[in-house]
Amino acid sequence: MRNLRGIYVIWLRDVKRFWQDRVRVVVGIAQPALYLFVLGNGLGGSFSLAGTPAAQGGFVRFMYPGIIGMTVLFTATFSAISIVWDREFGFLKEVLVAPVSRSAIAIGKALGGATQATLQGAIILLLAPLAGVQITLLDVLILLPVMALVAFAMTSLGIAIAARMRSMESFQVVMNFFLMPMFFLSGAMFFTDRVPAWMKPLVSIDPLTYGVDALRGIVLGLNRFPLVQSVLILAGFATLALGLAVRSFQREG
Amino acid sequence: MNAIEVHDLRKNFKEIPAVKGVSFQIPPGEIFGFLGPNGAGKTTTINILCTLLTPTAGTALVAGHDVVRERDQVRRKIGIVFQDRALDERLTAFDNMQLHAILYNVPARELPKRIDAALATVELLDRKKSLVRTFSGGMKRRLEIARGLLHTPEVLFLDEPTVGLDPQTRRAIWDYIQKLHQKRGLTIFMTTHYMEEAEVCHRIAIIDHGKIIALDTPANLKRLVGGDVVILKTSDDAQAAAEIQSRFHLPVSPNGQGLRLEVEGGEQFIPTLIRDLPTTITSISLHRPTLEDVFVKLTGRAIREEGPESMLRVGMRMWGRR
């Protein structure tokens, strides 16, 4: 009971902060839009999708689910930076000294970051008409939990790393070390079944591959793996990452 | 039952001892002060008492519970104001209070009323909806004190509650603390290195190099200093010291700025001293003994001298956050 309370408070704090930053959240749509329309149109003009299932509708349309995945990935992992921030500015101590277990703090944090990232991802759904994509209400109802799962897994990973970091700088460096390869290999911007043989195993061990594939399946019907398989792999990764996050938090204080 | 009971408490960081066997008892309702220079072991002791650090040896009971074996019971019964700020500055005063209240299981029905009452005590009710980052240093401290009291703790810990604040704000903070103490009768354990502030304590433990070197009421501690303190500068301090010792049979100690001596009835002594001392006196001052004098008397140095200890403390704080 007391741990549920702890989880709730940590989550509530993240949600309140997200609400305080609502202007930034809306402006945050600019960067994904830039990727989508500038990079998407640029790349789409340079090579052809002819002969692929994605030929219809052009490259921007193909990239759109990848951009949702990217937004969720970045928002989720960087939400964990508040742990480093809190350590520097003391709020962590207030929580660490409360009658709440360390695991509750990690889980609350993961849920809080996941909520932020899901909401940020949901805002990208507003770009759908501009990308030439039609999304039904039913699609949204399936998309949201998948986005939430990706967000939860990625936030947990961020927490596992952040809890071991002492400064903002080192968190950013270490995070980018994981983040960029995960993003590039996920197939957010290209077809993963056409990559060279040496890249194939890397693509298949990247958990985000399954997230992007699931999103692309729901939005465009272009998935390589069954939705259930992707969801199970993501859930497995989320559990593992949360376990790591809880463990690194138990070493605190 | 005592509010706090500590027996032979020790804490080493790696091999370096920070607290070297500290014992004391604090009855309920007392304001108890830990006074000592930076690095003396004050924050380490307070961190052990609020369950943030595990002691290397010894026992500590807070509100009747062991700080190691009954961590959660202790946590529920204490309020803490840390030396470093522990507020979420990007949230409002109300948000910070609300999060704390839920964390400590304040019943939801009572929550708004209690938050308002706590904010009113520290005169921040009109700033309830403001973001904390718009607050001044003194306002943030007051908010932390209000928050620390929200779950009606039995013992309130204040670690250097006024450090980094201007003198006027410091006085205001102490007024609040004393008012709260009168109203609620809770036990307060505080650390400070400001001598004047330690005067509000019922009892004071003077701590140096990880050990308690004196523990008594401020009045009794001051009695350790034999009478008034006279500080004088002369054209030749060494010679003057020898002359004072032979003519007046008083112990004299150099104190950095001049010579320091303790004497009963300082007002009458000064004219005699000026008349009878062959060495020329360039300046002379007299003051009633303060806790600073007690500290000098006990340790032979002033409390605010920053030595290599402050470096040790930085190291300890980094450890404390692990």
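The values are calculated or read from the model by the stated rules, or taken from the named source; none is laboratory data. Treat the numbers as computed from the prediction; the structure is a model and nothing was measured. Heads up, the Cβs are rebuilt from the backbone with ideal geometry, glycines too, and the neighbour counts pull from every protein chain shown. For the accessible areas, the whole protein counts, side chains as well, though only heavy atoms, and no ligand, DNA or RNA atoms are used. Shrake-Rupley method; radii C 1.70, N 1.55, O 1.52, S 1.80 Å.
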Quiz item: If you scan region A:221-253, which residues turn out to be in contact with a Lys or Arg (Cβ under 7 Å, 6 or more places away or on another chain) and part of a helix (DSSP H, G or I)?
Solution: A:SER248, A:PHE249, A:GLN250
Exercise. Report, by residue number, each residue of region B:299-319 that is part of a helix (DSSP H, G or I), under 19 Å from the mean Cα position of the chain (by Cα) and either within 14 Å of another protein chain (Cβ to nearest Cβ) or modelled with pLDDT under 75 (or both).
Key: B:GLU309, B:SER310, B:LEU312, B:ARG313, B:VAL314, B:MET316, B:ARG317
Quiz item: Identify, please: which residue in region A:62-85 is within 14 Å of another protein chain (Cβ to nearest Cβ) and open to solvent by 10 Å² or more (accessible area, probe 1.4 Å) and is, among those, nearest to A:GLY40 (Cα to Cα)?
Solution: A:SER79
Quiz item: Looking at region B:66-145, what helices (runs of 4 or more DSSP H) fall wholly within it and have at least 3 residues that are surrounded by fewer than 18 Cβ atoms within 10 Å (Cβ to Cβ) and not hydroxyl-bearing (Ser, Thr, Tyr)?
Solution: B:71-77, B:111-121
Quiz item: Given A:ALA160, A:ALA128, which one is surrounded by fewer than 20 Cβ atoms within 10 Å (Cβ to Cβ), in contact (Cβ under 8 Å) with a residue 60 or more places away in the chain and away from chain B (no Cβ under 14 Å)?
Solution: A:ALA128
Practice problem: Given the conditions (1) free of Cβ contacts under 8 Å to residues at least 40 places away in the same chain; (2) within 13 Å of chain B (Cβ to nearest Cβ); (3) not hydroxyl-bearing (Ser, Thr, Tyr), report the number of the one that A:PHE59 does not fulfil. | Solution: (2)
Practice problem: Check A:ARG166 against each of (1) touching a residue at least 24 places away in the same chain (Cβ under 8 Å); (2) in a helix (DSSP H, G or I); (3) of a type in the set (D, E, K, R) and name the one condition it does not meet. | Solution: (2)
Exercise. Determine, yes or no, whether B:SER285 is of a type in the set (Ser, Thr, Tyr) and more than 32 Å from the chain's Cα centre (by Cα).
Key: no
Exercise. Taking B:THR51 as meeting all but one of (1) open to solvent by less than 10 Å² (accessible area, probe 1.4 Å); (2) more than 9 Å from chain A (Cβ to nearest Cβ); (3) closer than 24 Å to B:PHE13 by Cα, write down the number of the exception.
Key: (2)
Quiz item: For residues in region B:282-298 being open to solvent by 40 Å² or more (accessible area, probe 1.4 Å) and within 23 Å of B:ALA238 (Cβ to Cβ), which is modelled with the lowest pLDDT?
Solution: B:LYS297
Practice problem: Output the number of the condition that B:ASP95 fails; it satisfies all remaining conditions of (1) more than 14 Å from chain A (Cβ to nearest Cβ); (2) within 19 Å of A:GLU94 (Cβ to Cβ); (3) of a type outside the set (Gly, Ala, Ser). | Solution: (1)
Practice problem: Would you list the helices (runs of 4 or more DSSP H) that sit entirely within region B:173-259 and hold 1 or more residues that are closer than 30 Å to B:PHE32 by Cβ and of a type in the set (A, V, I, L, M)? | Solution: B:195-198, B:218-223
Quiz item: Since A:GLN120 meets every condition but one in (1) over 20 Å from the mean Cα position of the chain (by Cα); (2) open to solvent by 10 Å² or more (accessible area, probe 1.4 Å); (3) closer than 21 Å to A:LYS16 by Cα; (4) of a type outside the set (Lys, Arg), which condition does it not meet?
Solution: (1)
Exercise. May I ask you to list pairs of residues, at least six apart or on different chains, whose Cβ atoms are under 9 Å apart, with the first in region B:282-297 being free of Cβ contacts under 8 Å to residues at least 60 places away in the same chain and the second being of a type outside the set (A, V, I, L, M) and part of a helix (DSSP H, G or I)?
Key: B:LEU286/B:GLY266; B:LEU286/B:GLU267; B:LEU286/B:PHE269; B:HIS287/B:GLY266; B:HIS287/B:ASP293
Self-check item: Scan of region A:1-31 for residues that are open to solvent by less than 90 Å² (accessible area, probe 1.4 Å), in contact with a Phe, Trp or Tyr (Cβ under 9 Å, 6 or more places away or on another chain) and away from chain B (no Cβ under 11 Å), ordered by number
Solution: A:VAL25
